[in-house]
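The values are calculated or read from the model by the stated rules, or taken from the named source; none is laboratory data. Bear in mind that the values here come from a model prediction, so they are computed numbers and not experimental data. Because the Cβ atoms are built from the backbone with ideal geometry, glycine has one as well, and the counts that use them run over all protein chains shown. For accessibility, only protein heavy atoms count, side chains too; no ligands or nucleic acids. Shrake-Rupley method; radii C 1.70, N 1.55, O 1.52, S 1.80 Å.
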Amino acid sequence: RRGLAEDRFHLSTQKIQAVQRALEQDGEVYEILLLLEDEEGFWASAAAFMGAAERYRLASELDRWVVRHTLQHMAGDPGLSERVAFCSINVSGQSIDDRSFVEFLLKDLKATGVNPRQLCFEISERTINSRLSSTREFINTVKRMGCRVCIEEFSSGMAGAALLKELPVDFIKMSSMLTRKITNDAADRLAVESVHKIAHVLGKKTIAAHVENPDTLRVLQGIGVDYVQGYAVSKPSPMLFHAAA
C-alpha cells in the first residue's frame with residue numbers, strides 16, 4: 001500500500017523474440033514487468049510481492065497501475081506504434097473477476113488513443129482452471145475490444161487441448177516445466193512439439209518462456225516455435241522500451 005501511495009513502482013520490459021522471420025516483420029514484442037522499490041532502495045520483482053498483493057486484495061489495483069502507465073508511455077512515444085507489435089501484460093484473477101476492470105481498460109484505451117491490438121493480456125493456466133466462467137467472459141470482452149490474449153505458464157500438454165479449443169486466445173506461452181529439459185529429455189521435447197502442433201492447428205502462436213541457454217534455443221528453433229523469451233534472447237531492461245536504433 002505504501003508503494004502505491006508513494007509511487008515506488010516501476011515498469012521494465014523483457015523482449016519476446018520472434019523465431020520465424022515472417023513474424024519479425026510484424027514488429028517488436030515485449031512483456032511488461034512490474035518492479036517495486038522497497039524502503040531501503042532495493043528492487044523486488046513481482047514474484048516477490050504479488051502473492052501478498054493477492055492475499056490483501058490489491059492485485060487488481062496493481063494491474064490497473066501497470067495498464068495505465070503502459071498506455072500512457074505508449075501514447076507519449078509516437079514511434080512505438082510503428083515499432084511495437086504488442087506489449088504483453090499479466091492480469092490477475094482478481095481483475096478477471098472484477099467487471100469494472102474492463103470498463104477501466106476501455107476508458108483508458110479511449111483516453112490514450114492506443115491501438116487495442118497493441119495490448120496482449122497474459123492469464124495463467126492456473127487462473128483459468130480456477131475460474132473458467134469469468135475467464136471466458138473476460139477473454140471474449142477484451143477480444144471484442146481488439147486486444148490479444150495469451151495463456152501463460154501452460155504446462156498441461158495434451159490434457160490442455162480441450163482448454164485451447166474452448167478459449168479464443170492468440171498465444172500459448174509454455175512454462176519452463178515443459179521447456180527446461182528438452183535438450184536431454186525426449187519426453188519433454190515430444191510434449192513441447194505436441195503443444196506447438198496443437199496450437200498451430202487451432203490457429204494460435206506459441207511462445208517458449210524461460211529460455212536460458214543457446215542449446216535450448218536451438219532445439220526450440222528446430223521445433224518451430226513462434227517466439228522465445230528468456231536470458232538466451234534478452235534480459236529484462238530497466239528502461240521501458242529502448243529508443244529506436
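List the pairs whose first member sits in segment 191-205 and is touching a residue at least 12 places away in the same chain (Cβ under 8 Å) and more than 12 Å from Met174 (Cα to Cα), whose second member is open to solvent by 60 Å² or more (accessible area, probe 1.4 Å) and of a type in the set (Phe, Trp, Tyr), and whose Cβ atoms are under 7 Å apart, counting only residues at least 6 apart or on separate chains?
Taking only residues 6 or more apart or on different chains, not a single pair turns up.
For segment 161-178, what are the residues that are surrounded by fewer than 19 Cβ atoms within 10 Å (Cβ to Cβ) and part of a strand (DSSP E or B)?
Scanning segment 161-178 gives no hits.
I'd like to check something: does segment 178-189 contain any residue that is within 18 Å of the chain's Cα centre (by Cα) and not aliphatic (A, V, I, L, M)?
Keep residues of segment 178-189 that are within 18 Å of the chain's Cα centre (by Cα), which gives 178-179.
Next, only the ones that are not aliphatic (A, V, I, L, M) stay: 179.
Within segment 178-189 (the criterion being within 18 Å of the chain's Cα centre (by Cα) and not aliphatic (A, V, I, L, M)), the answer is yes, since at least one residue qualifies.
Within the set of pairs 6+ apart or on separate chains, which have a first residue in segment 101-117 that is open to solvent by 20 Å² or more (accessible area, probe 1.4 Å), a second that is among the β-branched types (Val, Ile, Thr) and not in a loop (DSSP other than H, G, I, E, B), and C-beta atoms under 7 Å apart?
Within 7 Å, the pairs are Val102/Thr141; Val102/Val142.
Considering each residue of segment 37-59, count those that are touching a Lys or Arg at 6+ places or on another chain (Cβ under 9 Å) and not acidic (Asp, Glu), and give that number.
The total comes to 2.
Can you say whether Val84 is of a type outside the set (Gly, Ala, Ser), open to solvent by less than 50 Å² (accessible area, probe 1.4 Å) and modelled with pLDDT of 95 or more, as far as the supplied structure shows?
No.
Taking segment 202-229 as the region of interest, how many residues are assigned to a loop (DSSP other than H, G, I, E, B) and more than 21 Å from Ala187 (Cβ to Cβ)?
From segment 202-229, those assigned to a loop (DSSP other than H, G, I, E, B) are 202-204, 209-213, 224-226, 229; that's our starting set.
The next check asks that each one be more than 21 Å from Ala187 (Cβ to Cβ); those that pass are 202-204, 226, 229.
Result for segment 202-229: 5.
Of the residues that make up segment 133-155, is at least one open to solvent by less than 10 Å² (accessible area, probe 1.4 Å), within 26 Å of His69 (Cβ to Cβ), charged (D, E, K, R) and modelled with pLDDT of 90 or more?
Looking through segment 133-155, none of the residues is open to solvent by less than 10 Å² (accessible area, probe 1.4 Å), within 26 Å of His69 (Cβ to Cβ), charged (D, E, K, R) and modelled with pLDDT of 90 or more.
Looking at Lys165 and the list (1) farther than 30 Å from Ser81 by Cα; (2) at pLDDT 90 or above, which single condition is not satisfied?
The number of the failed condition is (2).
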